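This report concerns only the one structure given below.
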Amino acid sequence: FASMWRTITSGEKWVGNIKNKRKDGDYYWVHTVISPIFDNSAKRPTRYVALRFDITQQKNAEDQLEEAQRVARIGSWEFDPETKKVTWSDQMFVLHGMPAKSMAPTLEERLSYVHLDDREYLSRQLQECLQSQLPYRIRFRILPQGADEVVWLEARGEAVRDRHGHITLVHGTSQD
């Protein structure tokens, strides 16, 4: 809330998710957009307008998915070929011995975790997935950060294409 107030009192719009408590003690989540309103002569905001959308069901579904991934030791990931941005679920970080919520490694950094004998094979499978329209399913070894032993992962992935055949996303899972 301190960050939110700093943002809106400085005249900027704030966007975020807030967990609230109902009078009956139950919690609910709202996606909130707060914008400051200025009077003509004021240099500071004089009022604020807030738009709030109940996202409780979405947050509950995300929590259930995260718990299922933890129990199954399965992580999910996405790769945007245009921006090269990689997104990992929390369990992907756990599988790689990395702190959760840290920045997902680039594709090249991810390959550095892969056992040296499996890197070329994994790279080749990823390239085939990008060139063909076929999903892949492979097994390979990684050496998680701080670990003394290798971990075998089974990875599945596929490229998502737009109506013109251009790859817009590659996504998949990795499971211990």
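The values are calculated or read from the model by the stated rules, or taken from the named source; none is laboratory data. Just so it is clear, the model here is predicted, and its values are computed rather than measured. Note: ideal-geometry Cβ built from the backbone for every residue, glycine included; neighbour counts use all protein chains shown. Side chains are part of the model used for accessible areas, which takes the heavy atoms of the whole protein and leaves out ligands, DNA and RNA. Shrake-Rupley method; radii C 1.70, N 1.55, O 1.52, S 1.80 Å.
Out of everything in the range 108-151 that is farther than 21 Å from Lys85 by Cβ and of a type in the set (Ser, Thr, Tyr), what residue ends up being modelled with the lowest pLDDT?
Ser132
For the range 126-138, which residues satisfy the criterion of being closer than 21 Å to Val151 by Cβ and either among the small types (Gly, Ala, Ser) or open to solvent by 60 Å² or more (accessible area, probe 1.4 Å) (or both)?
Of the residues in the range 126-138, the ones closer than 21 Å to Val151 by Cβ are 126, 136-138.
If the condition is that a residue be closer than 21 Å to Val151 by Cβ and either among the small types (Gly, Ala, Ser) or open to solvent by 60 Å² or more (accessible area, probe 1.4 Å) (or both), then Arg137 is the only one that fits.
Could you tell me whether Phe38 is farther than 21 Å from Val151 by Cα, aromatic (Phe, Trp, Tyr) and loosely packed, with under 13 Cβ neighbours inside 10 Å?
Values: farther than 21 Å from Val151 by Cα: yes; aromatic (Phe, Trp, Tyr): yes; loosely packed, with under 13 Cβ neighbours inside 10 Å: yes.
Spelling it out, Phe38 is indeed farther than 21 Å from Val151 by Cα, aromatic (Phe, Trp, Tyr) and loosely packed, with under 13 Cβ neighbours inside 10 Å.
For the range 29-82, give me each residue that is within 30 Å of Gly97 (Cβ to Cβ) and part of a loop (DSSP other than H, G, I, E, B). It would help to see each step written out before you state the result.
So the first thing to find is which residues in the range 29-82 are within 30 Å of Gly97 (Cβ to Cβ), and the list is 58-82.
Scanning the range 29-82 gives Arg73, Asp80, Pro81, Glu82.
Residues are listed down the side, and each one gets a yes or a no for (1) open to solvent by 60 Å² or more (accessible area, probe 1.4 Å); (2) in contact with a His (Cβ under 9 Å, 6 or more places away or on another chain); (3) of a type in the set (Asp, Glu); (4) more than 28 Å from Lys19 (Cβ to Cβ):
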position	(1), (2), (3), (4)
Glu66	yes, no, yes, no
Leu111	no, no, no, yes
Arg119	yes, no, no, yes
Arg124	yes, no, no, yes
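Determine the pairs where a residue that is without any contact (Cβ under 8 Å) to a residue 24 or more places away in the chain and farther than 23 Å from Gln125 by Cβ, located within the range 90-114, has a partner that is surrounded by 12 or more Cβ atoms within 10 Å (Cβ to Cβ) and not basic (Lys, Arg) with Cβ atoms under 8 Å apart, the partner being 6 or more residues away or on another chain.
These pairs meet every condition: Pro99/Phe93; Ala100/Asp90; Ala100/Phe93; Ala100/Val94; Lys101/Asp90; Lys101/Phe93; Ser102/Phe93.
Being open to solvent by 90 Å² or more (accessible area, probe 1.4 Å) and among the polar types (S, T, N, Q), is that true of even one residue in the range 80-97? Let's see the steps before the verdict.
Quick first cut of the range 80-97, residues open to solvent by 90 Å² or more (accessible area, probe 1.4 Å) only: 82, 84-85.
Within this subset, residues satisfying the condition of being among the polar types (S, T, N, Q) are none.
Scanning the range 80-97 turns up no residue that is open to solvent by 90 Å² or more (accessible area, probe 1.4 Å) and among the polar types (S, T, N, Q).
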